[in-house]
Structure formats: C-alpha cells, structure tokens
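> Dropping a structure here in structure tokens format, bear with me for questions.
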Amino acid sequence: MYAVPVEATIANGRVVKLDTAAAEKMPGVRGIFHRENIGKIFRSTFGPGFAGVCEERRPPFEDDVVRYYGQYIALVVADTFETAKAAADEVRATYAREKPNVATHLEADNEPDEVLTTFGPRKRLDSQRGNVDAAFASAPVKLDQTYVTPSETHNPIELHATTAIWEGSTLTLYDSSQGVVNLRGVLAQMFGLPNENVRVISKFVGSGFGGKLWPWTQCALAAAAARQLNKPVKLVLSRKMMFQSVGHRPRTQQRVRLGATPDGKLVSLQHDYLYQTSMLDAHHEDCGEATPFQYSVPNLRVTFGRAKRNVGAGADMRGPGRVPGLYATESAMNELADQLKMDPVKLRIINEPKIDESLGIPFSSRHLLECFELGAQKFGWSKRTPGVGSMKRDGLTLGWGMAGCSWVAARFSSEASVQLRDDGMVRVASATQDIGTGMYTILAQLAAQKTGVPLDKVEVALGDTTLPEGPLSGGSMATESVVPAVFAAAESAIGSLLAVAATTPGSPFENRPATELAFEGGRVFVKADGPAKSVPFADLLRRANLRLVTGNGKSEGTFGNPKPKFSTHSFGCHFVEVTWQPEIARLRVSRAVSVMDAGRIINPLAGRNQIEGAVVMGIGMALLEHTSYDPQNGAPINSNLADYVMAVNADAPPVEVHFLDFPDKEINEVGARGIGEIGLAGIAAAITAAVHHATGVRVRELPVEIENLLA
Ligand code: MOS
C-alpha cells in the first residue's frame, strides 16, 4: 500500500481538529492515521559509538503542536499512490495559529554556556588560546566583518523513500539511507524492539548529500502504518516535502575578527558564529571546526550561539559546519590580504602553522603549501593583476580568487567479511552504503588488492544490516573507515585458507606449517620455493571439499577520539576565474583549479568526480542556492526544482582537479583520507573573492545575486 503524509500548512500553533470524513469515503483508502490511532511510537536516544543518532527526536504525531511548516499531522494509506495523494489533499485541519518566527537576522538565544546538541552537551566556547581581546585591540591591522550563509536544501534527484514490512515482531525497511546500521538502531528504539528484529536494506542510494544520513520521521510513519494495517507500506516524499521535513543546512551569521601585523602575520582570530535551529531539535552547525588549526595565530577564540526558528530540524549537508565556516574565515583572509595589499596566497603561506596549535599536536600529514604551489602554477596565478576590473579577455572582465580548505580525516568503527570460494570468486561484504560515491567499486578494489584476484572475480555486498556493521556514508569517512576492516577480513580469510592448505590430506602443502606458506595473486605457494610452484586457492578449497573460507575484520573508530596523537585532516585549495559583463550583468564562473591533499587516492576517477561535483555544487552555493521562508506562513516557498536554483551542467566550467600523493598512514595502511566534502569547502570564498576582483563589490551574504552587483 501507498502512504502519503498530510503536511501542516502553518508553522506555529496547534492542530485543533482534523476532519478526515471526506478522505475516508474515497474508494481505495485503507487507513488515515493521526495521533489518536497511529499506535505507540517511542523516542530514541543517542548511545555510545555513534548509535541512535537522529536530528528530529520527536516521534511523528507525539503532540498536537506544530513547530514548522510541513510537519506531518496525518498519514493516508491507500491501494494506489494517486488515491493516497488525493485523499491526503482532502484531509482538513483546523489550527490555533500563532505567528511563525522565520526571521533571517540572527541573534543568539539566551542560553547557558553549555547546551545540548544532537551529539550531547557542548560548550559554546569552542576553542580559546592566548588573549584575543587584548591582541585584537592592539593589532596594527584589523578586520571585523560578518558573513552570512542562507539555509540550503539537499536536493538529491532520488527522493527519500521507504518501504516497511512487518512479519510478526520483525520489521524490514527498504530505505534510501546513508546509514543503515544507525537507522536500524533508531527504529528498534522507536518500536521497542531488539536490534536483531529490525533489518534495513539500502542497496543503492540516488545520492544524499547528508540529507539521508540520519533517520527522518517518514521512516517511523511508514513502519507504524504498516504495523497498524499488517501490510507492506511504501512512502515516497514529494520534492516539496524534501524542503520541509528532512533537514536543511541551517542559515548562519558569522562574525570574524582578524588582527595582523603590517607584514601579514596574524596576531588574533575571533570567530563567533550563529546559526538557525528548529524549535525542538539540536543539530549543531559546527562552523568553527577548522578555525582553531587552519592558521597559526597565538590568540584565538571561537564561540557559537543559536537562534530558534519555526523551521524543520537542521541537518548535515555536504561539508556541514566547515563549509559555511570556511566560507567566512577564508573570505576574511582574502579581505585582509586586500587590506594589506598582499597576495592572498602569500598571506596564507605566512600564517601556515607547524603543528595543530589548538591541540598542541602535530598534523599526521599536511601539505597545504604544496597545494597552493601546484594550484597557483596550474592556474597561472602569477599573471594576476590585483586591481579591481584590471584583467580582461575577449571583451569580458575577469575576476580571479582563491581559498584554502580542509576536511576532517578519521575512521568510524567498521566491520567487514571476506570470503574465498571454490569457484575462484572473492566476496567482500559490509553494511555500509553506496550513495553514488563508488563504494561498491572501492570495496572490490580493496579486496582485489589484498587477495590478488582480478576485479571481475570480486563480488560486493553492502547496504544491508544483516552484513557486518559498516560505517555511515558520511563525513567523507566511509572509504577511509572500511580499509582496515576489509584488509583484516582478507588476512583472516587467507589465514584460514593457508591452514586448510597445510592440513588437507593430499594437498601439495600437506604437513607444511602454514607459516611457511605464502598467498599472492590468488595463489598459494611455499615461501622458500617461490611462486613458480603455486596453486590457485580455489583448487585447494575444492580438494578440501570446502565451498568457502570466511574471514571477519573489525577496526576501531578514531572519530571523536578525545586524546589523539595527531591532528588528522585533508587539505586543499581552489583557484577560480569568473567573467563579468557589466553591460548585461552577466556573471559566470569560467574555470576552476582545485588541488587536494587527501592522502592516497584509492580510485582517482571516482575521486576526481567527487571534487568536480563539489566544485559545481560550490558554484551553486556561491551564486544560486538558498531556501527562502515565507515570513507570513513560514513555508519554504521555493520548494521545487524550478525555484530552488542549483548549478547545472550549463553553469559548470572546465574544472581541473589535482591530487597530491602523500599517503597518510595514521589513517589506514593505504594512507587514504576522505575526499567527498572537502571539494565544497572554501570554493564559495574563492568565488566571492573573484567577484570582488572583477566588480569591486564585496558580497558577504550568499548567494551573490545580480542585484548585489548593480550598485
Ligand atoms: Mo555528508 S553531510 O557527511 O552526508
């Protein structure tokens, strides 16, 4: 059966009455659910090891209060999607309305120094060292500016979709999820079940950008309706619902104060950021994440505040926190460089730190200066003339800008299994997901690398909670997380195989200690004899009458480690060119060069694609994307793909991507760090700097709109 939610058409108030009479009479309608008849749905709570994460904790229909536009107030289930949709439109709600607060100007709510976030309590003083007030007051050169980023909405082309099936007290959910293991844990809590009674399957995800990272209320609604009707229920959100009830990147307002010497050495850095939050939830938009270590500065303070609004819960959106944060701090660095009449690359080189000054520990591997050097060279940066509007080509005014970036590198705990089979195939499995980033390919590559069998002899299984617990597809951490688990699993499977080879009667290696045997290229041989007399592993399994041997591997997570030995991040930079035609107010990004220091790149093709996609998304962030809330009713009013404008192919310039190759062995034995999100970090600051270079207009509130440039 098909379920369609009924959305509140107010953003603040209470549901006084629901009139379902007309909808109930429609043929094919099987159920209309609301708080009186949906059955019990419990809350979920956060647990150790990133278990039970959920941005919107309130179970659907828990009370009659409406806190944001589009909050679900009922659910219609029918034989067809069309009937369910028509009936949902016939459900009439009467509200006690109050004026919604969706004001765009942010001021910190009056909150204590420590507040509760989705991941537990957090001090509003993020980081501090030296004496920032005194250092800023006496700094010979000062910059004090506020940067604003709008709410943005995840718009993967695949809508959120869920299908719930009950068999007795066992729930199976097919879902478009970036984290099946976490979703299973949250659902188990919400339906009062042991984890093993819930199975979540997510074989392919049509992208997510973080919107599908954590569970949303439609999952619980589908499961609850399926329980009440004892039939499978499918629920697919509309594009409009995607803007209302499944998270967004919250609006931020960030004040950055820099103090410097006349020759460009930073003496103080203060970053005070505010973000919009929903009425009940506590998504933390961590804009200050990179600020404490990106540059060398003796005096620093980073703080945050929140402003409650009648909007849906905020959520991680590609590069959460750091992307809006680096837009602000990198913009401030670019402005400081202009103020000092200094090249922005040089300003960054002068302030390159030797260690992570916030933690007092070394970086595992930081090659940001090499990124600048290669980027500048590939872009031709030395030909830049700094004067506004001073560069021309083909009758167009050019603007050149650049920015640096970084992204966290760490591992989630991961498990994987590897099987060697008597047909010569290798199967690798982990309950992680492929959200379009190539995880199927990556797992096959890792298994092939470790076992030496060709790629077409590797089968991959993922996206199913019955498999060994794999990582979230989030934080750009999935690939770096699975490496040690897959390698450990492969080693364990190979160990079992060698033991079989050494003990099977009639085996060419019978009575050899397994320690004298080697496994290479999918073949077993005696180390001392070398590979000339090797035997394929499938032969040994067949001789032993074994279909397969299985190895399991597990690696501990490092993300959130309170006492790390190294500060682990990927680094990079972007150089961009815009063209400006003042006569027709036409602004285009005409080329981009991005250089990434992300450790060893396991799959250069997929990796390049990640950065190219991120740069295109960054053009959207800088010039196009913003979610607008109607001040009258609180609705996200541009809630469709026509009015929420994103960068598309026509906006995408030639994007040149370069990877440095410094394997980071602190992260895993391949030396691979994350690359998905870093491509979006810094790019907006590079573009706004280029816009200033071309037009002389300094835009500090994204997106840059043509109106801003018509001064
Ligand atoms: Mo990404 S925002 O961590 O899914």
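> Mean separation of Cα pairs under 8 Å and 6+ residues apart, divided by the residue count of the chain: what relative contact order is that in percent?
Working: 1877 pairs, mean separation 111.0, N = 711.
Here the relative contact order equals 16 percent.
> Using just the helices of the chain, give the 222 nm mean residue ellipticity in deg cm²/dmol: DSSP H runs with n ≥ 4 each add -39,500 (n - 2.57), and the total is spread over all residues, rounded to 500.
Mean residue ellipticity, 222 nm, calculated: -7000 deg cm²/dmol.
> How many angstrom separate the Cα center of region 100-145 from the Cα center of region 186-261?
So the separation of the two Cα centres works out to 29 Å.
> Over the chain, what is the percentage of antiparallel beta bridges among all DSSP beta bridges, to the nearest 5?
Details: 104 of 133 bridges.
Close to 80 percent.
> Could I ask something else about it? Give me the distance between the Cα centres of region 427-489 and region 630-702, rounded to whole Å.
Centre-to-centre distance over Cα atoms comes out at 27 Å.
> Quick one: H283, H154, fewest Cβ neighbours within 10 Å first, how do they rank?
On the way: H283 25, H154 22.
Least crowded to most crowded, the residues run H154, H283.
> Within 10 Å of each residue's Cβ, count the other Cβ atoms and sort E656, E114 from fewest upward. Walk me through the numbers before you get to the answer.
Details: E656 18, E114 10.
Result, fewest neighbours first: E114, E656.
> Would the chain count as rounded, prolate or oblate if I go by the C-alpha gyration tensor, calling it rounded below 1.5 in a/c and otherwise prolate when a/b exceeds b/c, oblate otherwise? Walk me through the intermediate numbers first.
Numbers: a/c = 1.91, a/b = 1.10, b/c = 1.74.
Oblate shape, in that a/c is at least 1.5 and b/c is the bigger or equal ratio.
> Ranked by Cβ crowding within 10 angstrom, fewest neighbours first, how are R306, R184 ordered? Could the numbers behind the result be given before it?
On the way: R306 24, R184 27.
The order, fewest Cβ neighbours first, is R306, R184.
> Only helices at least 27 Å long along their own axis, judged from Cα atoms, and with Kyte-Doolittle mean hydropathy of 0.0 or greater: name those in the chain from DSSP H. Could you put the intermediate results ahead of the total?
Numbers: long enough: 478-503 (38 Å, 1.35); 604-623 (28 Å, 0.80).
Long hydrophobic helices here: 478-503, 604-623.
> Which order do the peptides 518-527, 586-595 come out in when sorted by mean C-beta neighbours inside 10 angstrom, highest first? Intermediate values should be presented prior to the final figure.
Details: 518-527: 17.5, 586-595: 22.0.
For the peptides 518-527, 586-595, the packing ranking is 586-595, 518-527.
Laboratory data are not the source of any read-out in this text; all were calculated from the coordinates shown. A quick note: this is a predicted structure, and the numbers were derived from the prediction, not measured. We place every Cβ from the backbone using ideal geometry, glycine too, and count neighbours over all the protein chains shown.
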